[in-house]
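What follows draws every value from the coordinates through simple rules; no lab data is involved. No experiment lies behind these values; they were computed from the predicted model shown. Cβ sites come from the backbone with ideal geometry, for glycine too, and all protein chains shown count toward neighbours.
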């Protein structure tokens, strides 16, 4: 079979609205973002997805460093005795921990946990490093992988047994200083998601049930997927003095009095790749926001024997000119593939802008630019191409964000009773409702409706009246819905 006859099998065979799960699987495979491995629940991050993670990492890391947060690296393996030190924390993670019990054929004297999160191994060191108020604040971050052996249905990027993330672990002399960091970190995560991934979110405080194990409270960014399910993104946990007392992370204050540090933890993960893919991509394949795209522009020359040399020369000139402006460009000058086949391939892979250059365009000193997000075509003069492409890339990002914001807003239903809430959940919506915030009510909602609380806006109007579900006194306005 010739290469050109593969065109129909390269594209997606299902529609996003008809079978989201199969559509999502086809996008990540046909766009060459991930591959399944022989380890259940663990995927291979192929170069085209890993480069997006590198960009997220680079942007976030730069913003962390501007706050004074420094990078370090701690061991992958955590002795069981350390993991057991904070009871609530270990209880939250025990079902997900993978254990190392042998080295070769020799049984270890103590089991080692494969890092599910690093509080315990890091805080063992913190207890040695911090002695005085002069040692504070201590603001450390590490970029690494973690393993959580969940037995729920794994989904590439969205829910895996191994994933990549940052984990920030900071210590302060006072509760006020520690809590102030919360708004700084959430602002960074929101900036990365909105202004680079074109993803709006619901920012708020988690319920007691959904709070990170060992933390006093959790702030989160929640995203709505096209299938009506919400998914938690980056988060920030204020841990109070829970870990510092368990690990004896103490210091002498300015008056020589002993006190325990106040701590925070926070993270953004490779889950955001999955959210981005699901939110923006379409029935043609992947759509990538320009600021995180590995390739922002692909040039496809339309070649004929009598003009081949001239067109390739001009295409190379265009490539070099755009690259000088910081735009990443790929020139697809492969032989044996028709222009139509190449168009289809780059559409599946989600490159934001395609430039077509043939004899007609060369004669008119122009190219045809095609936007990947809406397939809008326009003829652009080569002499002003760099400025035009910069504007198009900015417009693609803005349009993707506006479209995502419109989708989020349209799928939030305000409700004050269970009947309307059930109807909203059945219609793949999330609700904004007065809620009692009790563990009992949340457990009942999970059991009977398969929904849970997402978060409560940090700024909201005072809630009055009764809980939409159990009719007890409402404590706060909350977002609730079906969730990953």
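So how much slack lies between residue 427 and residue 283, counting 0.36 nm per residue of separation and subtracting their Cα-Cα distance, in nm? The partial results should precede the final answer.
Values: separation 144, 0.36 × 144 = 51.84 nm, distance 2.17 nm.
That works out to 49.7 nm of additional length.
Starting from 0 in steps of 10 Å, tell me what percent of the Cα-Cα pairs of segment 151-232 lands in each bin.
P(r) for segment 151-232, in whole percents per bin: 13, 40, 37, 9, 1.
For the chain, what is the calculated [θ] at 222 nm in deg cm²/dmol (nearest 500), taking -39500 (n - 2.57) for each run of four or more DSSP H residues and dividing by its residue count?
When only DSSP H runs of four or more count, the value is -11000 deg cm²/dmol.
With Cα Rg over 2.2 N^0.38 Å in mind, check (i) 1.94; (ii) 1.32; (iii) 1.11 and report the label derived from this structure.
(iii)
Round to the nearest 10 and give me the degree value, 0 to 90, for the angle of helix 339-349's Cα axis relative to the longest principal axis of the chain.
With rounding to tens, the tilt is 10 degrees.
Please work out how much length the chain gains when fully extended from residue 379 to residue 15, using 0.36 nm per residue of separation minus the C-alpha to C-alpha distance, in nm with one decimal.
Separation in residues times 0.36 nm, less the Cα-Cα distance, equals 128.0 nm.
Considering just Cα atoms, how many Å³ per residue does the convex hull of segment 297-368 enclose?
82 Å³
Using the Cα gyration tensor of segment 43-93, with a ≥ b ≥ c the square roots of its eigenvalues, what is the shape: rounded (a/c below 1.5), prolate (a/b larger than b/c) or oblate (neither)?
Cα axes put segment 43-93 in the oblate bin.
How do the peptides 343-352, 181-190 rank, highest first, by the average count of neighbouring beta carbon atoms within 10 Å per residue?
Going from most to least packed, we get 343-352, 181-190.
Multiplying the sequence separation of residue 440 and residue 80 by 0.36 nm and subtracting their Cα-Cα distance, what value in nm do you get? Intermediate results must be reported in sequence, preceding the final value.
Values: separation 360, 0.36 × 360 = 129.60 nm, distance 3.20 nm.
Length difference between fully extended and current span is 126.4 nm.
Using only C-alpha atoms and all pairs of different ones, pull out the Kirkwood radius for segment 233-302 in Å with one decimal.
Final number for the Kirkwood radius of segment 233-302 is 16.7 Å.
Where does helix 20-30 land angle-wise versus the long Cα axis of the chain, in degrees 0 to 90, nearest 10?
Taking the Cα atoms of the chain, the angle to 20-30 is about 60 degrees.
Output the 0 to 90 degree angle, nearest 10, between the alpha-carbon long axis of helix 175-195 and the longest principal axis computed from the alpha carbons of the chain.
So the inclination is approximately 20 degrees.
Classify segment 404-471: rounded, prolate or oblate, from the alpha-carbon gyration tensor (a ≥ b ≥ c, eigenvalue square roots; a/c under 1.5 rounded; otherwise prolate if a/b is larger than b/c)?
oblate
What does the C-alpha gyration tensor say about the overall shape of segment 229-362? Classify as rounded when a/c is under 1.5, otherwise prolate if a/b is larger than b/c, or oblate. Walk me through the numbers on the way to the answer.
Working: a/c = 6.02, a/b = 2.95, b/c = 2.04.
Note, shape of segment 229-362 comes out prolate.
So what's Rg/Rh here for segment 344-425, counting alpha carbon atoms and using the Kirkwood radius for Rh?
Using only Cα positions, Rg/Rh for segment 344-425 is 1.28.
Pop the C-beta distance of residue 29 and residue 129 into the FRET formula with R0 = 56 Å and round what comes out to the nearest 0.05.
The value I calculate is 0.75.
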